[in-house]
Amino acid sequence: MNTYSRREALKTMGYAAVAAGAYWNAPSLLASPLASPAPTAPVAIGTCKTYDSAELLSTLDRMFDQLGGLKRIVNGKTVAIKINCTGSPAYRLGYLPLGDSHYTNPQVLTATVHLMGKAGAKRIRIVESPWSSAYPLEESLLQADWDPRQIASAAANVEFENTNFLGGGKKYVRLAVPFGGYLFPAYELNHSYSDCDAFVSLTKMKEHETTGFTASMKNCFGITPCSIYGGNAGVDEPNEDPKGGRGILHGGKRQPSKIALAELNPTSPRQDGYRVPRAVVDLIAARPVDLQIVDGVKSMAGGEGPWAPGVIAVQPGLIVAGTNPVVTDATCMRLMCLDPMADRGAHPFEHCDNMLLLAEQAGIGTRDSNRIEVIGARIQDVAFNFDEAQSKLGIPDRI
Amino acid sequence: MRWPSQWRDSSALQRLSNTHINCLLIEDSAPLRSVVEQAQKNGIRVIHGTSELPGIIVMRGVWPGARLSRASHPDTASSGPTGLPWVESNGWAVRLAATLNPKSTIWVDVTPKDPPESYPLCVADVAAFGGTWIISLDDQLAAGIERGDGASMETWKGLIESVEFFATHNYRSAYVGSAVVGVISSFSGDNQVLSWEVLKLLTRTTEQYRIIPIGSFSANSLSGLQAVLCPDSDPPGGDLRKALLDFVQAGGLLIMRSAWHGMPGTPANWDNPRYAGHVLGKGTIAVAKSKDTPDAYLIANDTVALVSHRFDLLRFWDAGSLNAYLSEAPDGKRAVAQLVFYAWEMNGATAAHGPENATVRVAGRYRTAQLLTFDKPPLALGQPDDHGIGMVVYDDSVELHLPPLSHYGAVELDV
């Protein structure tokens, strides 16, 4: 494939605008049917059997090129990379390093940072809201056995920020949901999510107890600060020493700190299968995701973390990248042998709404495979059946 | 051992034969006279009280264990101020007593809770940190042993095994505690409450620390440390101040509750909500911003973060609630990591025993490791086996993948 001509073609087709985050069709589409089909964007699929840095670099470099080049997304820009460090860093799946099961793998992050540096990123900020912590993000990463110095040395001007609270900012930023919002009309976030010119979701390909599966979209659930949306969030003011998870977004038993706007409909169901998918879609609309990188080299089947019952380690050997989170995640689902078109009640959305459907209805992106251009490996050649992997080991289905 | 009052027949002393129980705390009463006489004939020391025992410090302890209160799902709020189970333990207090009384033996007097969770846990909670628990049986167990009940005899056997272990593995005499942080305090007067609480909570972080009483400070007190914490209300003065400033100049971190008048160094460009930084030489001084009485929990956890996990000597995964004590031989060629487990939790379940598959990373260039427990033969940790149990060697550390453990494990390491 001639990458130069592809890049030019993408520009012609207007995908640059998609990459800049304007991926929804209209400010508010909930009141009426979609005026036009939800946007699409190409998705690159790479195969990678290990986390060897040379293999990762060449694979990611090729995939970014297939998407039109990393330069158009990061050159001269401040980039925020939201990694996926779900749960306490003190939990492992068996004896596996966290990056081999449920955390973003640090080698994938290091390779990405390196390539972004080469592509001209002005500043790269690694962001995450680590479990029950208001300490520097690097401290949580060290507890997970990562080496933040190695990551920081992969490019110039690399920094880290814990976005679970106010962090290094002077005040929270309010990002409105352009289509009006499913759950909240706007979210109060750490400053890092408005400081950045380009926002990247670098996450893990997994199943998820609450949302059926998780990739780049669900990763953005973690951009909300627990100081405002957490179980021990302050009532009047944010609690800058947050503990626990995001109970306010999960079960909704109370409203967030008063600094945040209240829910649109406090009488809506108080079920996490209803609320979490909607919060996810709100968030990726409020803070558009310019680039998605989904690490499926090694992962786990059966849930999002070691705490989920019946989970096992798997090695799909895949990496997926794209510039529209709905399109990217729909492709990830197909690679996992899951159906992104499934409705609530059907696998893997037995107990939750399909967040891709909600995102599609909000005009963010399509989940229709007929409208998604896949570049690189073919899905039918490399798909990895997460459910089958579980059943082969004789572990009963979690549902 | 505190002799159970219902064991009135001297034949009960046979239960102590071939054990390392060598002293009985026994009621001075006529019905027990024959027991006392027979014990003395057997060469067992008999005492009737714990006051004024030469060379022995007897401290009141707490029955060890965890109050399990953690939420079942990681995305739901945890109860309790820390999000972690509250652990009752004696280790920090034993270490403090031993440091303040270096020529004394430390005995811990604590009677079982009703119902007691684990006798071996109590033995380990005290002995791993250099003390000795005055064995005390609850009435039900004492009666059960007297009757020869199977379950009671099994409990007694487990208790004796744990006592035997520490009698034959006297790490305190051959090893010296390893530390990243030194805690300097008078540990008395107005500073007692806070400094004791800081030690208790620092222990829960598994940060390895050295207790440094101001009164016994010496040139060697700071050797090998990355940081020093001074939680007292007044900043250190005189020679101690000079030694601490030299420590900072050489690259150390000094964490202080109170600033000196005319703080040395230049303000550091850092953003910490509770500490102001001053750069001095190669090191840094962190001074609490608030003049209010500080929260010991925050002091302990802020200390760990200020020092950084980069310098962790021990790091754990899936270990549940534990206390850990790393010590090494003076020549640096051998070390032992003693691990005391109070509760384990996973998949929303909590249990008052040790972990199923804990991993511990030990900083250092070790090449062999052996796991010792009360009830199983020593286990050499080599290449991970089919279950993943074993040791992985890295350039600067080893990672130990441990099998299921009850309440205690000691990992002996050699370079």
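The values are calculated or read from the model by the stated rules, or taken from the named source; none is laboratory data. All values derive from a computational prediction rather than experimental measurement. When we count neighbours, we look across all protein chains shown, and the Cβ atoms used for this are built from the backbone with ideal geometry, even at glycine.
Of the conditions (1) in contact with a strand residue (DSSP E or B) (Cβ under 8 Å, 6 or more places away or on another chain); (2) farther than 19 Å from A:Pro89 by Cβ; (3) modelled with pLDDT of 95 or more, B:Arg361 fails just one. Which one is it?
Among (1) in contact with a strand residue (DSSP E or B) (Cβ under 8 Å, 6 or more places away or on another chain); (2) farther than 19 Å from A:Pro89 by Cβ; (3) modelled with pLDDT of 95 or more, the lone unmet condition for B:Arg361 is (2).
Please find, within the stretch A:109-131, the residue that is surrounded by the most Cβ atoms within 10 Å (Cβ to Cβ) out of those that are more than 23 Å from A:Gly222 (Cβ to Cβ) and of a type outside the set (A, V, I, L, M).
Once the filter is applied, the top-ranked residue is A:His114.
Which of the residues that make up the stretch B:246-279 are crowded, with 18+ Cβ neighbours inside 10 Å and more than 14 Å from every other protein chain (Cβ to nearest Cβ)?
B:Phe247, B:Val248, B:Gly252, B:Leu253, B:Leu254, B:Ile255, B:Met256, B:Arg257, B:His278
Going by the conditions given, is B:Pro294 more than 14 Å from every other protein chain (Cβ to nearest Cβ), of a type outside the set (Phe, Trp, Tyr) and within 29 Å of the chain's Cα centre (by Cα)?
no
Residue by residue through the stretch B:207-247, note down the ones that are acidic (Asp, Glu) and either assigned to a loop (DSSP other than H, G, I, E, B) or under 25 Å from B:Ala296 (Cβ atoms) (or both).
Correct list: B:Glu207, B:Asp232, B:Asp234.
Could you check, for the stretch A:278-286, whether at least one of its residues is outside any loop (DSSP other than H, G, I, E, B), closer than 30 Å to A:Gly68 by Cβ, out of contact with any strand residue (DSSP E or B) (no Cβ under 7 Å at 6 or more places or on another chain) and within 14 Å of chain B (Cβ to nearest Cβ)?
Scanning the stretch A:278-286 turns up at least one residue that is outside any loop (DSSP other than H, G, I, E, B), closer than 30 Å to A:Gly68 by Cβ, out of contact with any strand residue (DSSP E or B) (no Cβ under 7 Å at 6 or more places or on another chain) and within 14 Å of chain B (Cβ to nearest Cβ).
Any idea which of A:Ala17, A:Ala90 is farther than 25 Å from A:Ala362 by Cβ, outside any strand (DSSP E or B) and at pLDDT below 95?
Among A:Ala17, A:Ala90, only A:Ala90 is farther than 25 Å from A:Ala362 by Cβ, outside any strand (DSSP E or B) and at pLDDT below 95.
What strands (runs of 3 or more DSSP E) completely inside the stretch A:117-225 contain at least 2 residues that are under 30 Å from B:Ser397 (Cα atoms) and either among the charged types (D, E, K, R) or away from chain B (no Cβ under 14 Å) (or both)?
A:123-128, A:158-162, A:198-204
Taking A:Gly363, is it of a type outside the set (Phe, Trp, Tyr), at pLDDT below 95 and touching a Pro at 6+ places or on another chain (Cβ under 8 Å)?
So A:Gly363 does not fit the description; no.
Among the residues of the stretch A:231-239, are any within 16 Å of A:Thr78 (Cβ to Cβ), away from every other protein chain (no Cβ under 14 Å) and not in a strand (DSSP E or B)?
no
Hand me the list of strands (runs of 3 or more DSSP E) wholly inside the stretch B:301-365 holding 3 or more residues that are facing chain A (nearest Cβ under 9 Å).
It comes to B:314-317.
Listed here are the residues, each with its yes/no results for (1) farther than 20 Å from A:Asp100 by Cα; (2) touching a residue at least 24 places away in the same chain (Cβ under 8 Å); (3) crowded, with 23+ Cβ neighbours inside 10 Å; (4) touching a Leu at 6+ places or on another chain (Cβ under 8 Å).
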site: A:Ala134; (1), (2), (3), (4): yes, yes, no, no
site: A:Ser140; (1), (2), (3), (4): no, yes, yes, no
site: A:Asp145; (1), (2), (3), (4): no, yes, no, yes
site: A:Asn164; (1), (2), (3), (4): yes, yes, yes, no
site: A:Ala176; (1), (2), (3), (4): yes, yes, no, no
site: A:Ser201; (1), (2), (3), (4): no, yes, yes, yes
site: A:Ile223; (1), (2), (3), (4): yes, yes, yes, yes
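For B:Ala363, which of the numbered conditions (1) within 21 Å of B:Tyr175 (Cα to Cα); (2) aliphatic (A, V, I, L, M); (3) buried (at least 22 other Cβ atoms within 10 Å of the Cβ) fails to hold?
Among (1) within 21 Å of B:Tyr175 (Cα to Cα); (2) aliphatic (A, V, I, L, M); (3) buried (at least 22 other Cβ atoms within 10 Å of the Cβ), the lone unmet condition for B:Ala363 is (3).
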